[in-house]
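Data block below; observations after.
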Amino acid sequence: MAPFLSQYIWTWLAYTIAGLVHVVLILNLVAVGALVFIWLERKISGRIQDRLGPTRVGGKFGWLQTLADGIKLLTKEDLAPAGADHFLFRIAPYVSFCASIAAFIAIPFAGGEYPWIAQHLNVGVFFVLAVLGLEVFGVILAGYSSASKWSLFGAMREAAQVVSYEVPLGMCVVVPVLIAGSLDLVVIGDSQAGSLLNWFIFHDPFTFIIFWVYCTCATASVNRAPFDLAEAESELVAGFHTEYSGLRWSFFFMAEYGSMFSVSILASILFLGGWHGPIPVTNFLDLSPENGPVLGYMGQLIGAVNVIGKGVFGVCIMMWIRWTLPRLRIDQVMATCLKYCTPIAAAMFLGATLWQLQMPGKAFFGLINVSPSVFAIGDGGSATRLVKPAESKQDVNEQDQIARKKPASLELAQKGL
Amino acid sequence: MDSIYWPTFFFYLFSGLACAFAVAVLLSSNIVRMAFYLVLSLGATAGLMFLAGAEFVGAMQLLIYVGGTLVLLIFGVMLTSQERFVVMKTWAGDWVKAFLAGGALLFILAYAAFSIPEWRGIERTEADAIVAQPTVTPIAMGLLGARTDDPSRAGYLLPFEIVSVHLLVVLIGAAYLARAKRSRSSIEKI
């Protein structure tokens, strides 16, 4: 976008505008997303508990309820406890919120040659995981600086939980990376092009199981029920945000809904085909960039709607789980992570490695041969895209070595585990 | 305004932030605030890495150093301190000693950095001509034993294996040390 704009206006202005567009889009996605999700959560919880949920504000379905809540929160007094560390107390919600938003920088919403992504990173998955892990920092600061034992207990629980669940979560994420042969989220999404038969969740039995492990770990790592020990009302009043009120409190909730959305989108890109739908509509309608920019744009738009739709679906599943299952005890949470999720993830990782070694280039439990063009994107696509044609010799070399890579990674997996 | 070279601008921005927060770590006396500034300083360093095109190292910096500081903060400070807000006082003599040691290190590093001709700045036209290379694939291939830059030379599979086994030992050791200790009598009863 910036090079295009700089043909018409000054370069610095072009870069600033391009940056602002990305920032505004991401901020609005998270903020409006939170608005919708809070309303959705109220409606879903109401329906599950045989109630109606909000019905009055904004017409029949109460869809302006969150806006009314937001105005109420804005007018509340900005309180801080007398014994608190005021500077850290004030800054903690922003830390959480920033970390939650920063993950969206590297998340693509449509792929192809010109992906819809704020910053196309070569290590997208890794970056998203690293940034999502930082969200807990705001929670710890909040818990510590509130000078309240409830807050501190909540923060310590959350810290222990998030640090533990990062291990199985990382192992789950490695499997799609292994199959696609890249850490680049755009490449991972594009190597599942076509119908739902090419999705990584159906790639082999191991990925099918590991998807559910990922769902469990993702729910735990964003602190949703049944893993919401950090804010257990029955024991800790409200956990780390006991002392917060008004807008600062709502920042924590925007961060929570933002990271719920980002782990759901990550799941959809890693396992559920990302912008490639269950039915390849864009292929039937020839909506690809080769047929002109407008049709290509339409295709990308459908892809973005697809990704966001899958993300919203994932968030709805999390809400469904929240209002169905009772909260676990802290030792049960730890046992779920260390005794079940981690060993299962490790075994599935090993299995997926072996499967990939035995049956490369197959999809849908090894029953379908993936067409070579689709597989070529996954096999070193990042190298071919980023390296200019002048380096084609080295490129061939790299492709060669990627082909040789698999036995080595298998050996590593056996020794490392 | 086109004369501003934006990578340079961002380099100064991130390095300034990193230095400012590093100084803030020194000047603060509350240990959790120190950790907070340290996280910001390390985060700005990660920004420098992303700016230099070393995305893998940048993400690694975020995951290991920033996340590591977090764990350090929790387990090293909050679980061991007895008071509510830990405050550290520094004596004047400590300041003098710290300035001598730190200044000497800074002098040596700056001297070494400026004395190597390859590390001097290059012209803008040259800088614009450089194409960003992907860094992840060469690193991963190097760790798996195949060097993409120079195929005739050996990779780093053996050091990688040694480090990974070492880390595994550390993990098991940490779990062993941190496990809930049963008293001897209860074991004998069983």
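The values are calculated or read from the model by the stated rules, or taken from the named source; none is laboratory data. The shown structure was predicted, so the numbers you read here are calculated from the model rather than taken from an experiment. Counting neighbours? That spans all protein chains shown, and the Cβs are built from the backbone with ideal geometry, glycine included.
Numbers for the structure displayed
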quantity	calculated
Residue, nearest to the other protein chains (Cβ to nearest Cβ), within the stretch A:63-103, restricted to residues that are assigned to a helix (DSSP H, G or I) and among the polar types (S, T, N, Q)	A:S96
Any hit, the stretch A:185-201, residues being touching a strand residue (DSSP E or B) at 6+ places or on another chain (Cβ under 7 Å) and surrounded by fewer than 22 Cβ atoms within 10 Å (Cβ to Cβ)	yes
Search result, residues across the stretch A:50-72 that are among the small types (G, A, S) and without any contact (Cβ under 8 Å) to a residue 40 or more places away in the chain	A:G53, A:G58, A:G59, A:G62, A:A68
Subset of the stretch A:202-248 (residues that are within 22 Å of A:I317 (Cα to Cα) and outside any helix (DSSP H, G or I))	A:V222, A:N223, A:R224, A:A225, A:P226, A:F227, A:D228, A:A232
Residue that is within 27 Å of A:M318 (Cβ to Cβ), modelled with pLDDT under 80 and either crowded, with 16+ Cβ neighbours inside 10 Å or within 23 Å of the chain's Cα centre (by Cα) (or both), where the choices are A:G58, A:G33, A:G62, A:G46	A:G62
Residue ID - nearest to the chain's Cα centre (by Cα), chosen from residues in the stretch B:128-156 that are without any contact (Cβ under 8 Å) to a residue 24 or more places away in the chain and closer than 18 Å to B:L51 by Cα	B:P134
Only one of A:T353, A:T324, A:T342 that is of a type in the set (S, T, N, Q), over 30 Å from A:Y257 (Cβ atoms) and modelled with pLDDT of 50 or more	A:T353
Residue match in the stretch A:285-301 (condition: touching a residue at least 12 places away in the same chain (Cβ under 8 Å) and under 21 Å from the mean Cα position of the chain (by Cα))	yes
Selection status of B:A112, surrounded by 10 or more Cβ atoms within 10 Å (Cβ to Cβ), modelled with pLDDT under 80 and either among the hydrophobic types (A, V, I, L, M, F, W, C) or at positive phi (or both)	no
Number of the condition not met by A:L152 [criteria: (1) part of a helix (DSSP H, G or I); (2) more than 9 Å from chain B (Cβ to nearest Cβ); (3) at pLDDT below 85]	(2)
Checklist (1) modelled with pLDDT of 85 or more; (2) out of contact with any Cys (no Cβ under 7 Å at 6 or more places or on another chain); (3) buried (at least 24 other Cβ atoms within 10 Å of the Cβ) applied to A:S146, failing item	(1)
Failed item, numbered, when B:P134 is tested on (1) at pLDDT below 75; (2) within 14 Å of chain A (Cβ to nearest Cβ); (3) farther than 19 Å from A:S182 by Cβ	(3)
Those residues of the stretch A:104-140 which are at negative phi, modelled with pLDDT under 85, more than 9 Å from chain B (Cβ to nearest Cβ) and part of a loop (DSSP other than H, G, I, E, B), in sequence order	A:G111, A:E113, A:Y114, A:P115, A:I117, A:A118, A:H120
Selection count, the stretch A:271-300, where residues are farther than 13 Å from A:G111 by Cβ and part of a helix (DSSP H, G or I)	10
Any chance A:G273 is in contact with a Phe, Trp or Tyr (Cβ under 7 Å, 6 or more places away or on another chain), small (G, A, S) and closer than 29 Å to A:L350 by Cβ	yes
Within the stretch B:54-68, tally of residues that are at the interface with another protein chain (Cβ under 9 Å from one of its Cβ atoms), out of contact with any helix residue (DSSP H, G or I) (no Cβ under 6 Å at 6 or more places or on another chain) and farther than 12 Å from A:L134 by Cα	2
So A:F252, is it surrounded by fewer than 16 Cβ atoms within 10 Å (Cβ to Cβ) and under 30 Å from A:V174 (Cα atoms)	no
